[in-house]
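Just so it is clear, none of the values below were taken in a lab; they were calculated from the coordinates. As the structure is a prediction and not an experimental result, all values here were calculated from the model. Every residue, glycine as well, gets a Cβ built from its backbone with ideal geometry; the counts of neighbours run over all protein chains shown.
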Amino acid sequence: MDLTWISISGVLIGILVFALKVSLGCGLASLNRREMLSIATGYLIISLFMGMAIELIPENALAAALNAGVTMHLAVALLLVALGVMTARKWNNHHHDISRKTFWVLSMPCPACLAASFISCSFLAGLVDIDPWKIGALVGILFFFCIAVFSTALGRIKGTPSSLGNAMIFLGIFYILSILLIPAYLNSQKINFISISPPLADTGLSYLMILSLMALGFLGRRWGVSF
């Protein structure tokens, strides 16, 4: 398959996944139509700005954004888990709905996801003969349409605030696992047959992340959060 079509498919799949994440917050928090369309319009505007900025941002800035992505990814993951536990616990234990105060961590622009989308669009602009601002406009329109459709569909499910909390916890844990597994997979492609001991700091970080996941599961059960 042509590299251009593979790149286009990757960008489209990334947009769909990102839009679904945004829609989980909008739909499960039962936002009204105006609020949901406001968030979708925000992503349309952000995408337009990304398209116009593609030719203005140097490559070294893109590399720095990519390197900072892991740190931002971890911060978002921990925030998702913390607010997800809080949302589910408040509803399960006290029937107090705080979903409209915590949904933003799912629906608001995530720095890590925006950086990945920007880099993908920049790469795509270098492959196809289309003005970058047009790529940004197309991405924004697709964001708007997907968020509107997904949010409306999820809003009809009539889930409880606990459903939103569980979704946030699941995505947070998935983010943490991706931080652990994806770099390990990429490094395994470059590994040779010579046994090399990993740095002590990397080993300690891995064990710390695993113990953190175990602690989150224990605390979630203790606080009445059903996974």
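Evaluating 6.51 cos²θ - 1.76 cosθ + 1.60 at θ = phi - 60° for every residue in the stretch 149-155, the Karplus couplings come out as 6, 5, 5, 5, 5, 5, x Hz, glycine and proline recorded as x.
Of the peptides 126-133, 19-26, the order by per-residue mean of other Cβ atoms within 10 Å, starting with the highest, comes out as 19-26, 126-133.
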